[in-house]
Structures are given as structure tokens and as C-alpha cells.
Amino acid sequence: MGRKKLKGSFDQTVAPLLFLAPNMLIFGLFIIVPAVSGLRIALYEWSILGDKEFVGLANFVELLDDPMFWRTFGNTVRYVLLVVPLLTVSALGMALLASENYPGVAWFRGAYYLPTMLSLIIVGITWRWILGDQLGIINYVLRTIGLSPVKWLTSPFNANVSVVFISVWMFTGFYMVMFIGGLQAIPEDLYSAASIDGASRSQIFWRIKLPLIRPTMLVVLVLGTINAFKAFELIYTLTKGGPGSSTKFLVQNVYQVAFEEDRLGYASAMAVMLMLAIGLLTAVQFRMNREYSNE
Amino acid sequence: MNRKTGPAQYVLYSFFVVVFLFPVLWVLLSSLKTQSELFRYPLTIFPAQPTLENYRTAFASGRFLQYLKNSSFVAIVSTAITVMINTMAGYALSKYHFRGRDTIFFVMIATLMIPLQVIMIPIFLLEKNLGLLNTLWGIIIPPAATPTGVFLARQYMMTIPNSLIESARIDGAGEWFIFQRIILPLAKPIVATIAIFSFMWRWNDFLWPFIVISQQRKYTLQLALSNFVGQYNIDWSSLLSMTVIAIVPMVMVFLFFQKYFIKGLSSGGVKY
Amino acid sequence: MSIRKVMVLSVLVVMITGGLWAAGQAEADDEVTLTVLWFNDGDESDVFMEAIEGYLEANPNVTVDLQLVPFQDYEQRLRLMIAGGTPPDLARVTNNHVAMFVDELLPLNGRVDDLDGVLAGFNDASIAFATGPEGDILALPTEATANGMIVNVDLFENAGIDILELSENWTWDQWHDAMVQVVEANPGLDYALGYDFSPHRWSTLLYEAGGRFLNETETAMNFVTPEAIDALEFFKMLHDEELVPASVWMGSENPQELFQAGLVASHIGGSWVINKYASDITDFEWAAVRMPRRQIRSSVAGGKFIASFEGAENEEAAIDLMLYFSEPEQNAYYCRETFNLSARTDVEIDYPRRTDDFARMAADLAVTPAITAEDWKSPDLNKIYSYIREQIVEGLLGNITMRQVAQNIHDEGNSFFQE
């Protein structure tokens, strides 16, 4: 017994590192190393074939004066502030509907999750088609029943609304699955105890479910925010950033500057700014979570 | 809590099914139309003469089965690896205390914030130097260490009572034994979640295969699909039918794994 | 015991990974494998492979590794390969790409015997596009494209207009009136024209108005001119009067699809649509017609090319194949089967169908001034391609005046010229 105890504490120091090792090895090699290399380029002016010129913080100074950068930054922030709350509420709502085990629930879960299973390009192309002014099925139905068609993607305001809606539509299933996992982890006894005490459905939700899925909520909020800030492929396929640049977000700007204007350093600098923005918001979310957490 | 699910609830659930599924239905119905019917006006919802021609051409292109095989191999193997290493890492980050633990965690989260476009070239160079270009392993291994999966595992495992672990240690159980026989069974919901997500990410992945693979016979389905979007036109018939086919495996994986969301697994006790 | 298990596992993972790294790729030498990068709009890659059959038979040690890349990601792929030191041996490129990759393409001067003789068979605009700023030849032309107008003959007939006759020689004002009439005369028709969402296509109006993007020496922008503003304002007027649907330039709907569905009476696109329409349109009669005149009548030159890159592995074989593919016989075969105008002047292509439409577009191309090619081959102009598009839309939305649009584009372009 004594020998095992000693071995135990050695195990406890080495074990976590071994558990972490496979993931960190792959991660370190394939993500960290390129990331450092890629972000360092923000300090250079670099066009693909060749001359890397060290310019220090010149790219960042240029960014401050760049109207397109701030425009896309503003568009992105507005998008994040709309999508993240809507998505969280929507995902939690669907999870509440689908977390219990009534007959057929598997199919419902599958249906709600299905949009996430489509590739971003397909979703973009399909919705662009569905929402088309002339050839879109929605406007077609509207016309047939005598209502006037809506310019879903053709006015800046509508385009932004459509983009938000489609994003929520697409990713609700994804976060719903996470919430279901979290809800399932709540011990059954708590519910029985609560209903014996006469708690109403609403009280059970606000006093039991919501607090206990806090860890999941943190994941959903953090991941949701990060992914929203990085939105690109879906939006670009839908609107190409249009009309004009009303739905042009940061990553599209990064992409264009890097591959069309051939200024990798400048694009990298934009990515750094993006990271700072996300990092700030994420840190706030973690801090708020810590203040409320019990363990 | 026994709440009977009445017809009213089913109507509500079905309503949401329509909301979420109707574009997919649109894709499905359109895939059964001929190319010329797609852009005929007035539009038709249901195909005038349903045809499987689009599917026939997709399969006849010969390469399609190859792409399917590649995508399946990548998705399955990568998912297996991901589940293993993500849960291990999540466990380490949630149930142990060691120096640098939180730093590692935050660094992982921080890398999520980098748009892949910025590090495409360094990744390409790295994989080239490692000889992983044009190999399926080049798109199986690197993305397997997803920070998201680790994040999910960590959050979930934080809710597992420490008392379980401690009492097992007192009983003389080794660390790996604890992980394998206590933690993992309790973590079935999150394992299932990570499996579903990982399969989907690898199956739908475009950027990683785009960076690594240039030879057609190593193409995944997504790479092949994107080739149907030409310079001026979209080859809708091939695109639609292949999309429908591509969804099927993911649906199957989902239906298989979702049964692990079974309530009552953590009813306070542990059975092993 | 448990820790040992974990350690064994980790070692195994490392070993397997390491073993896979070691299983590198063996390259056979003596055999030449040419990497050819290609993008398709239809089946151009298949036709290419057919066209070079003769070469492959004559050179059995050469194999072609054809890599298809979606058009949208083409630049990305090229930049990745170049940055990685493995540029393709050959690539199909547009004139846009030639301008973007001037520093990376392989100049043919000094590598081809009698280069002038080779070039003699091609038209001037295509040669202009293939020539870099230093005067060296960076690619060989394959197809030439022309911008042009396709009309729905039946719809115009309903308005009492014989569009083929009218378009033989017409002005913008006559064009405008015809469009107004065709919408009025056809009750189900909402719009007269679908215009491709592309600065290159828009520039047809620019050149017809007598304007251009660059100055005479192509060293800076010259876009704030009455001609340019005329073209911009005319375009805006088409939108304001709802002759053109907003959903194309402001909503990403595809004007080709609109035309096919009969929702617009005409379409300004290019010669590449002729084949597609020939296969897809069965409900109405359509034709390519000549462009109307403002100050001049013009199309805009464009084209596709085949090129090699600096540092390509198999330079000699690549150039060989490039030359073979560009010979009159192969070129004619390729253009005929892909329904494209040829960049060569010495081939007569006998299209299986729609010869008249090709002839009309070719006629417009023949009167196109050289400045269209001089402008569009400029790398700096190509860098602001998306910017031009965005600014025009801002003008169409009414957020800024068209004069401001011209000024913005002018300034942005100059910021690249000044480097």
C-alpha cells in the first residue's frame, strides 16, 4: 500500500503532461509554429515573390487611417453583437426542446442539426438562390400569393439582416448539440427534488438548468464570438461582401489584401488587430464567468 | 420528471423541422430536376419530370467513388484520433493542477482567433518540408488537435466531481485506469459530441485539403464539389446531386452517436 | 503500470507519425511529369488533353499531371505553390492572372527559337496581354474573349423591333429607347438588360464612351474624366430607371440565369456564353448582336493563356508542350471544341453552330482600340479589381456621386502605381 501511494503522487505530476502530450505535440508543430511565423509577417511588407522588408509597426500605423479597415471592422462588430446573442438563445431554446428522450427525438435533433452539416459553400450558394430577387423561391411564392417581393440581399440593411439570419439558421444545431450535452449532465435527482418541493417549470429552468450549464454556456459564448468574428466563406458566397461593402467583414478584407493586392504583411497586421479584438472580448467573457462560477 | 409529450409539442417540433430543413429540401428537390428546368420561369417547386440523371452523371464521372473513399478515410481516422487526444488533453487541463496549465489553455484558445488565411502559407511550407503534401495523413493529423474539442472536453469534465477521482486513487487505481474506467464512461455525452463535430469538420473541410492536396486522386468530396463552381457558371446538376450524397454519411454518424445523449448517466453515482 | 500504458501510447503515436513522414514520395527520374494547373468553366480540361494527344504520343516519356482548381481559388493556389517553391510547370491563366503574376511567370524570350515567328500568328490584343511591363513575353495566348450583348429576339419582336437590323449600327440613345420599348411591350417582362457583375464587363461602356482607366503611358490612373463619368452615370441611369435589375450588381444574382429564364430581355456578357446558351436555351430565339456606339463602338479584349513559371521543375518540356498546343492545328481544335474565339489570326474555325453570333462578336473585337488591352494588362489596375466593383456599387446605391466614385478609384489605383 505504501509503495503504491508514492507511485501515486509521482503519477499525478507526470500524468497530466502525458495526457496533454499527443495533442500538444501535433498542435505545437502544426498550428503554433505556422501561427507565429504568419503573425510575425505583420511587421514586414511582403509580396509573395520575395522581398520581405522589415517595416516595424508601419502596417499598424497605416491601418489606423484605412477607411476600408474600419468599415469592415465596424461591420464585423455589428454582426457579432447581433449573431452571438441570437444564436445562443436559439441554440438553448432548441436544446430545451430536444434534450429529453421522447419517441422520435433523434430525428428532430438530426433535423435541427442538419444545416450545420452542409458545407459553407453550399449554404451560401443555396440561400443566395433562394433569396434571389427574380429567381428566388421565396419571392416567387410572395408574388404568387399577391404580396410584393422583398429585396433580401439587394439593400444594405436587408443584406445584413439576411446574413445574420442565415448564420443563426446554420449554426443553431451546432451549439444546440453542445447544450444538449450540458443539459444531460445535470443529475436527474435535482429535478425530482425540485418538483417535490413544488417548483414550477420556469423556476426549474432559471434556478437549476441555467446555472448548471454555465460551463457549456461559456463554451458557446466564447466559440460563438470567435467564429462570428472570423465569418468569411459563408458571407462571401452569399453576397461577396455586398451590396458594395455593406456586408464585407474583416476576414474578407484580409483575404483580398493578401491574395489580390499581394500585401501579406498588411493582411497579417489586420489579423493581429482581429485577434486583439476577439481576445479582449473573450477575456471579458472568461472573467465574467469566473465571477459567477461556484467551483 | 415525467412530462408526457403531447401532440401540441410535436407540432411545435415539426414546425422547427420545416424551418431548418427547407433549404435542404430545396436542394434535394432541385437535384431531381434537369439543368434546364432549374432556371425555367415560372419556377417549379417539385420537379416536373423527376430524374436521377444528375446522380447518374455524378457516379459516372468515375472519380466520385474515389473522393468518397478519401473523405471517409480522412473523416473516420481523424475523428478517432481527435476523440482520443482531445479527451486526454481536456482531462489534463480540467482535473490536474500544474504550472502553465492555464497558459497552455489560453494559448490554444488564442490560436482559434487566427483566420486560417493568414497562416496558409506557413502551413503549406511546413507540410511540404515534412513530406506531407498530397497525402491524406497531411489532412488527418494536423487538424486533429482541435482547440475546440479540447475546450469542450475541459468544460465538461470540470463538472465531474473530484471526489470520484480521489476515492479511486485511495483505492489504489492508477491514473490511466481512472481516465479510462471512470472519466470516459461519465463523459460519454461529450465524447459523442466531439465525435460528431470532428467527423463533420473533416468531412466538410475545404481549406486544409485545399492547402495540402493538389492531385485529383487524393481529392476529398469538398474539393471536388468546389470545382463545380466555374469562372462564369455553376454546374448545378453535379453540385446538387453530390451535395445530397455528401450529407448522407454525416446524418448517419449523427444518428449513431446521438443516442449517447442518454439522460441519467450522471445520476450522482458511479458504476464500474 | 498505468503510466507505462500512457507512455507506450504516446511513443506509438510519435512512431506512427514519424514512420509516415519517412514514407516520402519517390520520384522517378528520366520520366518527365508535367504539372499542369487548370480551371474549368465547362470541359476545357478534357479538350486540352485531347488536343495534346499527338504530343504525348510522340514523347512517351512525358506524362501530364492535370490539377484542377476552382476558379475562385486559383490565385490562392498559385501563390501557395510559388511560395512553396513548387510552381506548376504549366498553367491555364486569364489575362488578369498574367497581370497579377508578372514577376513569377517564365519569360519566353531567349528560350524559344524564332519567338517572333511564333507570335506572328496571334492577334495584337492577345500579344499585348501576354507582354510584361519589361516587354518580355510571359505566356502564349489560347482563346480570345470578347465582351458583347446577347438579346432575346422574340421579346424585341413583340415590341415591333427587328433587333438584328437595328443593332447593325445603333447608338446608346437608340439602345436605351429599344430597352424601354421592350419592357413596355411585354407584360411579363420586368427588366430589359442583365449586366455581368464585373468591372471588366462594365468597362465596355467606359471604352465606348471614349474613356479609359490609365493615362497614355500606363504609368498612372486617368479616370476622373468626362468620358469615364459619362459611362458611370449612364450605368447608374440604367439602374435608376429599372431597366436593369438591382439584384445583379447589388445582390449577386447571375444575369446568365436571368436571361435563360426569360426575365431580362438582353444580357451583356461575353463570347463564352454562346455555347452555354446554345445548349440550354430552347424556349426562345436569341442572338449575339453588335454593341451600340457612344463615341465609338467597342468590345473589351480578354483571353486565356498558357504559361510557365520561374523555377518550374521541367522548363524545357513545359515550353515544348506550350508551343505544340499553340500551333494552328491544336489551337483550332481546342477553340472549336470549347466554342471560343481563337487568339490566332490565321485559323478559320468552323463552329458546328452559331457561327453568326461568333462573327458578330469577333467583328466588335476587331474594332476595339488597343487601349482596352493596355489598361487591363496593368498589374496595378488588376489589384484594385474588387475595389472598382465595390465603388461602382456604392455609386449605384446612391451613397456617393459617380464623380466621387471615379475619384476614389483614381486615387486608390494611384496608391499602387506610386510604389
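Laid out as a table, the results:
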{"quantity": "Virtual spin-label span in nm between residue B:256 and residue C:65, 7 Å along Cα→Cβ", "calculated": "3.3 nm"}
{"quantity": "Whole-number D in µm²/s for segment B:122-272 (Stokes-Einstein; Kirkwood sum over Cα pairs; 25 °C, 0.890 mPa s)", "calculated": "132 µm²/s"}
{"quantity": "Translational diffusion of segment A:40-292, µm² s⁻¹ [Kirkwood Rh, Cα pairs; Stokes-Einstein; 10 °C; 1.306 mPa s]", "calculated": "77 µm²/s"}
{"quantity": "Chain B: projected area of the alpha-carbon convex hull, averaged over directions, in nm²", "calculated": "20.1 nm²"}
{"quantity": "Normalised per residue, the volume of the convex hull around the Cα set of segment C:244-325 (Å³)", "calculated": "203 Å³"}
{"quantity": "Ascending count of other beta-carbon atoms within 10 Å, so fewest first, for A:24, C:179", "calculated": "A:24, C:179"}
{"quantity": "Environment charge of residue C:95, counting only residues whose C-beta is closer than 13 Å and scoring Lys/Arg +1, Asp/Glu -1", "calculated": "0"}
{"quantity": "Axial C-alpha extent at least 24 Å, average Kyte-Doolittle at least -0.5 - helices from chain C (DSSP)", "calculated": "C:2-22"}
{"quantity": "The protein assembly as shown - mean residue ellipticity at 222 nm from DSSP helices (-39,500 (n - 2.57) per run, n ≥ 4, rounded to 500)", "calculated": "-18500 deg cm²/dmol"}
{"quantity": "Inter-site label distance for residue C:217 and residue A:205 at 7 Å from Cα along Cβ, in nm", "calculated": "7.3 nm"}
{"quantity": "Point-charge dipole on Cβ atoms (K/R +1, D/E -1) for segment A:100-223, about Cα centre, debye to 20", "calculated": "340 debye"}
{"quantity": "Fluctuation leader among C:228, C:370, C:128 - chain C, Gaussian network, Cα springs under 10 angstrom", "calculated": "C:370"}
{"quantity": "Distance histogram for segment A:159-216 (every C-alpha pair counted, 5 angstrom bins, percent rounded to whole numbers)", "calculated": "4, 17, 20, 17, 13, 11, 9, 5, 3, 1, 0"}
{"quantity": "Estimated Rh, segment C:257-377: Kirkwood, alpha-carbon pairs, angstrom", "calculated": "16.7 Å"}
{"quantity": "Sorted by Cβ density within 10 Å, fewest first, the residues B:220, B:34", "calculated": "B:34, B:220"}
{"quantity": "R0 of 25 Å, Cβ-Cβ distance residue B:57-residue B:216: FRET efficiency to nearest 0.05", "calculated": "0.90"}
{"quantity": "Cα radius of gyration and Dmax for segment C:120-206 (Å)", "calculated": "18.4, 56"}
{"quantity": "Built amide H within the under 5 Å cut-off of residue C:301, gap 5+", "calculated": "C:373"}
{"quantity": "Residue order, fewest to most surrounding Cβ atoms within 10 angstrom, among C:176, B:97", "calculated": "B:97, C:176"}
{"quantity": "Residues whose placed amide H lies under 5 Å from that of residue C:142, excluding near-sequence neighbours", "calculated": "C:304, C:305, C:306"}
{"quantity": "Per-residue ³J(HN,Hα) for segment B:90-103, Karplus 6.51 cos²θ - 1.76 cosθ + 1.60, θ = phi - 60°, Hz, x for Gly and Pro", "calculated": "x, 4, 4, 7, 9, 10, 10, 10, 8, 5, x, 4, 6, 4"}
{"quantity": "Segment B:181-239 - convex hull of the alpha-carbon atoms, volume per residue in Å³", "calculated": "125 Å³"}
{"quantity": "Calculated FRET efficiency for the pair residue C:283/residue C:164, C-beta based, R₀ 22 Å, to 0.05", "calculated": "0.70"}
{"quantity": "Kirkwood hydrodynamic radius of the protein assembly as shown, Cα pairs, Å", "calculated": "30.5 Å"}
{"quantity": "Proximal charge balance of residue C:176 [Cβ under 12 Å; K/R count +1, D/E count -1]", "calculated": "-2"}
{"quantity": "Calculated FRET value between residue A:283 and residue C:50, using beta carbons and R₀ = 41 Å, to 0.05", "calculated": "0.10"}
{"quantity": "Reduced Cα scattering model of chain C, Debye log10 I(q)/I(0), q = 0.06, 0.12, 0.13 Å⁻¹", "calculated": "-0.29, -1.00, -1.14"}
{"quantity": "Projected-area average for segment B:64-193 over all orientations - Cα convex hull basis, square nanometres", "calculated": "10.1 nm²"}
{"quantity": "Packing rank of A:132-138, C:263-269, C:133-139, A:160-166, where each peptide gets the mean count of other beta carbons within 10 Å, highest leading", "calculated": "C:263-269, A:132-138, A:160-166, C:133-139"}
{"quantity": "Rg/Rg_ref, segment B:125-170, where Rg_ref = 2.2 N^0.38 Å and atoms are Cα", "calculated": "1.92"}
{"quantity": "Cα-projected label distance for residue A:107 with residue A:29, points at 7 Å along beta-carbon direction, nm", "calculated": "4.7 nm"}
{"quantity": "Whole-Å distance, taken between Cα centres, linking segment A:109-182 and segment B:74-115", "calculated": "33 Å"}
{"quantity": "For segment A:70-218, diffusion coefficient by Stokes-Einstein and Kirkwood Rh (Cα), 4 °C, 1.567 mPa s, µm²/s", "calculated": "72 µm²/s"}
{"quantity": "Per principal axis, descending, Cα span of segment B:1-75 in whole Å", "calculated": "54, 43, 14"}
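Values quoted throughout were computed directly from the atomic coordinates according to the rules given, and no laboratory measurement underlies them. These numbers come from a predicted model, not from an experiment. No Cβ is skipped: glycine too gets one built from the backbone with ideal geometry, and neighbour counts run over all protein chains shown.
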